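Chemist: Just dropping this structure here.
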DNA sequence: GTCTTTTTGATAGACCGTCTAACTAAAGAC
DNA sequence: GTCTTTAGTTAGACGGTCTATCAAAAAGAC
């Protein structure tokens with residue numbers, strides 16, 4: 001049965017619109033919010049009044065434009081309205097960020113993780129408590145968002161992490177019980193794509209793909225103005241797209257997967273095979289910049305293979321933008337020419353012509369900020385997702 | 001600026017829900033429609049009253065369930081409410097279908113096409129006039145939907161058809177001026193996917209991919225309950241996904257595209273290269289069934305290559321269902337084993353495990369019925385109130 | 001300094017939705 | 001004939017957005 005659509009649903013939708021407009025434009029006036037959202041000024045007034053009453057928005061001493069007419073009163077998301085928590089959960093490290101409801105970062109915490117998923121969840125719980133304590137004096141936690149390098153289903157169960165040995169854990173339920181706050185949890189790359197959309201380089205882009213490298217290689221699809229999760233929640237597994245038939249064996253049991261060539265560990269392994277023992281991707285990139293022909297050739301191959309996979313995405317999904325994040329941004333400038341050559345060879349010209357290719361500006365906080373994005377969306381559309389319906 | 005959301009928008013949404021529920025369940029009662037759509041019975045009553053007043057719905061002599069209580073009054077989409085026209089426009093043949101607003105087929109027309117896009121458009125215009133004249137006595141045409149084997153942008157301009165030499169033609173505007181009815185026009189495979197969703201095998205599926213072979217190979221993506229068009233409208237170009245590095249040259253200028261191996265002409269060409277001169281795909285399939293090892297090996301390769309491309313789609317989009325249509329359904333049973341082997345080798349296990357693979361039941365009318373689907377959706381969600389539309 | 005102009009923001013009232021609750025209608029059950 | 005049950009209608013409550021109007025507050029004209 002589909003959710004009911006009534007006046008309350010409309011209001012909720014318009015509250016979300018105004019909230020995001022104000023988040024993107026701090027110190028905006030009511031009149032400006034009306035222009036930004038397309039809402040009537042009477043409606044805007046009603047919505048803003050509600051947000052003020054709810055304590056989510058407050059009047060500020062914004063800089064006044066010295067203009068003719070009655071001066072506007074500046075508004076902003078109230079820092080006292082509560083906290084959001086975002087986290088990246090990985091076996092080696094757990095990274096936690098707390099922000100205001102507007103997404104302004106308050107605290108960073110980084111702690112060691114655990115290869116045991118249960119222990120890792122406990123550590124995350126402790127870390128969040130610590131980060132929240134450091135952030136506010138009695139501020140309520142409005143939502144916790146977590147990104148995990150694993151196949152996550154739509155109910156927040158960890159289904160499988162091929163490289164980590166994690167499987168079948170109802171981690172969302174577990175954390176929600178422990179934390180006593182709403183928990184939103186998803187694949188780390190999907191979370192990062194959301195961060196790119198809300199805080200990064202894709203704010204006005206309705207259709208983009210996000211590619212990231214870390215232990216593996218992940219893809220996040222933002223299609224038609226929504227994060228696309230797929231039937232089971234597993235969409236975007238670009239790391240396991242075959243780029244070399246019968247190629248290198250992968251942790252997933254197949255062969256020739258993209259991530260057996262372009263993940264950090266894969267690049268280091270290939271470098272070692274060619275007689276270059278390097279500690280990390282930074283060293284690899286440095287060697288390439290120093291003119292080491294073997295390493296340059298290797299990164300050329302990396303770019304080419306990434307380009308093949310991206311070409312598939314371009315041909316299939318016709319995105320307006322492709323974002324390279326995670327480790328991929330470290331070496332991006334070195335392999336970009338090869339990647340572009342691969343695009344020219346494999347992507348259909350009219351689709352490639354208007355494709356923009358950018359490096360993520362979010363750095364190592366992309367995934368935790370993705371958690372913030374998930375929590376923010378979850379908090380705002382908590383009761384009922386009308387947006388979905390109205391987009392059809 | 002986003003579209004305004006007000007009470008009228010809610011009503012429009014609920015009208016659409018009720019309409020589709022009634023289309024899928026002819027002779028349903030108001031009470032049943034309320035249960036199907038989740039709407040309150042008062043709301044259902046209001047919506048049905050409006051639809052009756054507008055003449056879109058009529059009371060029928062449906063079979064009455066002999067049950068306790070007041071008997072229901074059966075409803076149905078009124079055949080007198082108008083016509084929809086669907087068409088497939090190709091250089092060789094133009095196929096036209098007319099239906100009621102409910103999608104019940106009234107007339108089929110098939111006429112020769114033209115390799116000149118302008119001439120083809122004129123022929124389509126004439127053919128539609130003929131089909132409409134044969135269908136109804138003064139029934140208004142509520143919408144015309146057309147599927148074309150070309151890259152179509154979101155405004156209904158034909159951008160490029162690599163194989164046909166067609167490019168840059170504002171065909172939607174042209175037809176709309178000529179026909180005097182709203183025209184909805186899209187890539188043929190996208191249209192066929194819509195047909196599959198409204199009339200075919202995907203009625204309850206929110207996430208599926210549609211693969212079809214004709215002159216080329218096309219893909220239609222239905223993601224998250226919507227037809228996905230991509231940033232420019234070009235999404236789904238699976239025919240130009242590279243499946244063989246440096247493989248056979250393609251009309252698009254690249255090499256190794258899927259459609260250079262699995263389109264009908266490509267299969268015939270490959271058969272000829274191997275000493276089997278066969279007239280069409282039916283003959284190829286027959287030869288394979290008769291045990292011709294060369295042809296069997298060829299179709300195995302076809303299945304394998306299709307499987308590689310489908311694996312990319314599965315890994316990237318995690319669909320619940322993949323539909324094979326067009327020519328692909330002719331030989332499907334022969335190459336299906338090879339296709340499944342390719343899926344096992346290239347698609348991630350948790351994504352493949354729950355994937356259903358089916359052959360389209362719509363046959364050669366898939367694209368024209370897709371036109372019907374486009375026209376129906378267009379008519380229902382036209383920005384104007386339905387009443388206004390009916391006055392045209 | 002005063003008046004006019006301009007813009008912001010609030011508010012009343014029209015209008016249009018859905019939903020609750022009460023009602024009427026029409027059949028079978030007894 | 002009366003009761004029970006289900007279908008469908010309708011009045012009224014409630015809550016949205018939108019139009020129109022008004023008060024407030026500043027700059028500019030004089």
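We did not get these values from a lab; they are worked out from the coordinates using the rules stated. For clarity, every value in this text was computed on a predicted model and none was experimentally measured. When we count neighbours, we look across all protein chains shown, and the Cβ atoms used for this are built from the backbone with ideal geometry, even at glycine.
Chemist: Indicate, rounded to the nearest 5 percent, the antiparallel portion of the DSSP beta bridges found entirely in chain B. Spell out each step's value before the answer.
Modeler: On the way: 34 of 55 bridges.
Bridges in chain B that DSSP calls antiparallel: roughly 60 percent.
Chemist: How large is the helix-only mean residue ellipticity at 222 nm for the protein assembly as shown, computed as the sum of -39500 (n - 2.57) over DSSP H runs with n ≥ 4, divided by its residue count, in deg cm²/dmol to the nearest 500? Can you show the working numbers first?
Modeler: Values: 28 runs with 344 residues, N = 784.
Calculated mean residue ellipticity at 222 nm is -13500 deg cm²/dmol.
Chemist: Out of all DSSP beta bridges in the range B:203-361, what portion is antiparallel? Express it as a percent rounded to 5.
Modeler: Values: 11 of 21 bridges.
Close to 50 percent.
Chemist: Place the peptides A:39-46, A:224-231, A:79-86 in order of packing, highest mean first, counting for every residue the other Cβ atoms within 10 Å and averaging per peptide. Mind showing how you got there, number by number?
Modeler: On the way: A:39-46: 16.0, A:224-231: 20.0, A:79-86: 23.0.
The peptides rank, most packed first, as A:79-86, A:224-231, A:39-46.
Chemist: Let me know the shape class of the range B:117-217, please: from the alpha-carbon gyration tensor, a ≥ b ≥ c as square roots of the eigenvalues, rounded when a/c is under 1.5, otherwise prolate if a/b is greater than b/c, or oblate.
Modeler: On the way: a/c = 1.99, a/b = 1.15, b/c = 1.73.
Since a/c reaches 1.5 but b/c is at least a/b, the shape of the range B:117-217 is classed as oblate.
Chemist: Using only Cα atoms, locate the centre of the range B:118-135 and the centre of the range B:156-234, then give the distance between them in Å, rounded to an integer.
Modeler: Taking the Cα centre of each part, the range B:118-135 and the range B:156-234 sit 20 Å apart.
Chemist: Just to be sure I understand the model, the point goes 7 Å from the Cα along the line to the Cβ. What's the resulting residue A:24 to residue B:67 distance in nm?
Modeler: Result for the modelled spin labels: 4.9 nm.
Chemist: Here's something else I'd like to know. How do B:18-31, A:324-337 rank on mean C-beta neighbours within 10 Å, highest first? Intermediate results must be reported in sequence, preceding the final value.
Modeler: Numbers: B:18-31: 18.7, A:324-337: 21.2.
Answer by packing, highest mean first, reads A:324-337, B:18-31.
Chemist: Report, as an integer, the average count of C-beta atoms from other chains found within 10 Å of each Cβ along A:236-244. Working shown, then result.
Modeler: Numbers: counts 4, 9, 3, 2, 9, 10, 8, 2, 1.
Mean inter-chain Cβ contacts per residue within 10 Å come to 5.
Chemist: Can you give the mean number of other chain Cβ atoms that lie within 10 Å of the Cβ atoms in peptide B:4-17? Intermediate values should be presented prior to the final figure.
Modeler: Numbers: counts 6, 12, 5, 3, 0, 4, 8, 1, 0, 6, 3, 0, 1, 3.
Partner-chain Cβ atoms within 10 Å, mean over residues of B:4-17: 4.
Chemist: Of the residues B:221, B:343, B:355, which exhibits the maximal mean-square fluctuation in a Gaussian network model of chain B defined by a 10 Å Cα contact cut-off?
Modeler: The residue that fluctuates most here is B:355.
Chemist: Here's a follow-up. Taking every DSSP beta bridge that has both residues in the protein assembly as shown, what percent is antiparallel when rounded to the nearest 5?
Modeler: Values: 68 of 110 bridges.
Beta bridges within the protein assembly as shown, antiparallel portion: roughly 60 percent.
Chemist: Distances in nm, one decimal, shortest first, from residue A:341 to the same residue in every other copy, taking the label point 7 angstrom along Cα→Cβ.
Modeler: Reported distances to equivalent positions: 3.4 nm.
Chemist: Label position 7 Å from Cα toward Cβ: report the copy-to-copy distances for residue A:41 in nm, one decimal, ordered from shortest.
Modeler: For residue A:41, the other copies' label points sit at 4.7 nm, shortest first.
Chemist: Across peptide B:345-354, how many C-beta atoms of other chains are within 10 Å of each residue C-beta, on average?
Modeler: Working: counts 7, 8, 5, 13, 6, 10, 8, 0, 1, 3.
Average neighbour count from other chains, rounded to a whole number: 6.
Chemist: Another question about this same structure. Given label points at 7 Å from Cα along Cα→Cβ, what nm distances, shortest first, separate residue B:155 from the same residue in every other copy?
Modeler: The projected label point of residue B:155 is separated from its counterparts by 4.8 nm.
Chemist: Is the range A:248-332 best put as rounded, prolate or oblate by its Cα gyration tensor, with a ≥ b ≥ c the root eigenvalues, rounded for a/c under 1.5, and otherwise prolate when a/b is larger than b/c, oblate when not? Let's see the in-between values first.
Modeler: Values: a/c = 2.20, a/b = 1.42, b/c = 1.55.
It comes out oblate by the Cα gyration axes.
Chemist: Give the separation of the Cα centroids, the range B:39-86 to the range A:250-285, in Å.
Modeler: 64 Å
Chemist: Next question, about the same structure. Ranking request for peptides A:122-131, A:305-314: highest mean number of other beta-carbon atoms within 10 Å first, then the rest in descending order.
Modeler: Taking the mean over residues of other Cβ atoms within 10 Å, the ranking is A:305-314, A:122-131.
Chemist: Which of rounded, prolate, oblate describes the protein assembly as shown, given a ≥ b ≥ c as roots of the alpha-carbon gyration tensor eigenvalues and a/c under 1.5 marking rounded, otherwise prolate only if a/b is larger than b/c? Don't jump to the answer; show the numbers that get you there.
Modeler: Numbers: a/c = 1.81, a/b = 1.11, b/c = 1.62.
Because a/c hits 1.5 or more and a/b fails to exceed b/c, the protein assembly as shown counts as oblate.
Chemist: If you don't mind, there's one more thing I want to ask. Relative contact order for the range B:182-241 using alpha-carbon pairs under 8 Å, separation at least 6, rounded to a whole percent?
Modeler: Values: 78 pairs, mean separation 16.7, N = 60.
Here the relative contact order equals 28 percent.
Chemist: Any idea what the relative contact order of the range A:204-361 is, in percent, if you count C-alpha pairs under 8 Å spaced at least 6 apart? Could the numbers behind the result be given before it?
Modeler: On the way: 277 pairs, mean separation 37.7, N = 158.
Value for the range A:204-361: 24 percent.
Chemist: Suppose R0 equals 25 Å. What FRET efficiency, 1/(1 + (r/R0)^6) with r the Cβ-Cβ distance, do residue A:274 and residue A:359 give to the nearest 0.05? Spell out each step's value before the answer.
Modeler: Values: r = 26 Å, r/R0 = 1.04.
Taking R0 as 25 Å, the efficiency between residue A:274 and residue A:359 is 0.45.
Chemist: If I take every Cα pair under 8 Å that is 6 or more residues apart in chain A, average their sequence separation and divide by the length, what percent do I get for the relative contact order? Intermediate results must be reported in sequence, preceding the final value.
Modeler: Values: 774 pairs, mean separation 63.4, N = 392.
Rounded, it is 16 percent for chain A.
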